[in-house]
Amino acid sequence: MADQVSSKEKKQKSEEIEMAEPVSVIRKGALAARIWQRQSPSGYAYFDFSLSRSWKSKSTDKTGYSRNFFETNDADLLEVIQKASAWITSNRIQGVVADLVSTKEAA
């Protein structure tokens, strides 16, 4: 029973994380990189990103998102990955500088 509760709690926590808003979204065509601000259990804050591809059914007009890609997505995937990585690097550096400034001001 404890295992069932534990997996249910994990699923609920995972869904809560998914409902959080990304700090930035980078798009190229049907592809998107969503950048998330996270915090580890030990308190370490960091950014990471997830990738998705939007789609629309020609027969039903149904739309959605997929975490799967086609070989034809390779150039757009490279671009959104590079831009997401650059965004994270830039904002991490800005965060480190801001932390240094606030530490100096506190001293």
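Quick note: the coordinates plus some simple rules give every number you see, no bench work behind them. All of these numbers come straight from a predicted model, not from anything done at the bench. Counting neighbours? That spans all protein chains shown, and the Cβs are built from the backbone with ideal geometry, glycine included.
Among the residues of the stretch 45-82, count how many are out of contact with any strand residue (DSSP E or B) (no Cβ under 9 Å at 6 or more places or on another chain) and either surrounded by fewer than 10 Cβ atoms within 10 Å (Cβ to Cβ) or polar (S, T, N, Q) (or both). Selection size over the stretch 45-82: 7.
Scanning the stretch 32-44 for residues that are surrounded by 14 or more Cβ atoms within 10 Å (Cβ to Cβ) and either part of a loop (DSSP other than H, G, I, E, B) or more than 13 Å from the chain's Cα centre (by Cα) (or both) turns up nothing. Here S59 fulfils each of the conditions (1) over 11 Å from A33 (Cα atoms); (2) in contact (Cβ under 8 Å) with a residue 24 or more places away in the chain apart from (2).
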